[in-house]
Amino acid sequence: MNRLEVLHFPDKRLRKIAEPVKKVDNEIKNIIEHMFFTMYEEKGIGLAATQVNIHKRIIVIDVSENKDKKIFLINPEIISLSDDIDTMEEGCLSVPGFYETVSRPKTVKVSSLNYDGKQIEIEANGLLSTCIQHEIDHLNGKLFVDHISSLKRSRIEKKITKLKKEGAVPSRKSTPNYKSAI
């Protein structure tokens with residue numbers, strides 16, 4: 001299994017809006033498996049295809065403690081969001097080493113295609129809801145840093161740019177005390 005390269009903020013490719021998947025075929029299923037492999041290798045709990053420079057509307061998620069509850073959504077669309085707000089500290093595989101508090105609706109209901117290309121709906125709350133919203137943001141060219149102040153976002157961008165120049169961008173895999181990143 002190949003580990004895919006995760007793009008890092010401020011890479012402009014992270015801002016590209018993903019295209020809908022026309023047909024769930026072996027190519028799409030293969031992409032999903034490589035995305036799960038990459039997400040687990042990077043110690044993440046969610047990954048959007050955009051983050052690995054595949055601009056298709058695919059996300060993979062596993063928020064389980066044992067990493068044994070794979071969820072993937074193909075062409076996910078938000079049907080509804082609750083009025084109740086949850087505030088969580090978010091991280092991101094594309095913004096390694098940085099965590100910020102973000103407020104999002106507590107519950108989300110989404111429509112998606114499953115592995116057989118059939119339409120499904122799921123409703124989620126808590127961490128799974130936050131993760132789904134975070135990953136759908138990626139498919140729309142948005143990152144969690146867009147939910148924080150422009151001053152904080154600018155500081156993070158400058159730090160990551162400096163680290164890249166020094167060849168020292170942190171990764172979850174190399175950080176022993178990592179926090180789960182969405």
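The values are calculated or read from the model by the stated rules, or taken from the named source; none is laboratory data. Bear in mind that the values here come from a model prediction, so they are computed numbers and not experimental data. Neighbour counts run over all protein chains shown; Cβ positions are idealised from the backbone, glycine included. What goes into the accessible areas is simple: the full protein's heavy atoms, side chains included, and nothing from ligands, DNA or RNA. Shrake-Rupley method; radii C 1.70, N 1.55, O 1.52, S 1.80 Å.
What the table below lists for this structure:
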| item | result |
| --- | --- |
| Total residues in segment 109-152, condition among the small types (Gly, Ala, Ser), in a helix (DSSP H, G or I) and either open to solvent by less than 70 Å² (accessible area, probe 1.4 Å) or touching a helix residue (DSSP H, G or I) at 6+ places or on another chain (Cβ under 9 Å) (or both) | 2 |
| Single residue of segment 131-151 satisfying the filter (among the polar types (S, T, N, Q) and more than 10 Å from the chain's Cα centre (by Cα)) that is farthest from Ser82 (Cα to Cα) | Ser150 |
| In segment 7-40, residue most open to solvent (accessible area, probe 1.4 Å) [restricted to those that are closer than 24 Å to Lys159 by Cα, in contact (Cβ under 8 Å) with a residue 60 or more places away in the chain and not in a loop (DSSP other than H, G, I, E, B)] | Arg15 |
| Number of the condition not met by Gln51 [criteria: (1) in contact with a helix residue (DSSP H, G or I) (Cβ under 7 Å, 6 or more places away or on another chain); (2) open to solvent by 50 Å² or more (accessible area, probe 1.4 Å); (3) in contact (Cβ under 8 Å) with a residue 40 or more places away in the chain] | (2) |
| Pairs with Cβ under 6 Å, 6+ apart, first in segment 100-115 and under 15 Å from Lys22 (Cα atoms) and of a type outside the set (Ser, Thr, Tyr), second surrounded by 18 or more Cβ atoms within 10 Å (Cβ to Cβ) and modelled with pLDDT of 95 or more | Leu113/Val24; Leu113/Ile74; Leu113/Asn75 |
| Qualifying residue in segment 81-97 (condition: more than 13 Å from the chain's Cα centre (by Cα), within 15 Å of Leu139 (Cα to Cα) and in a strand (DSSP E or B)) | no |
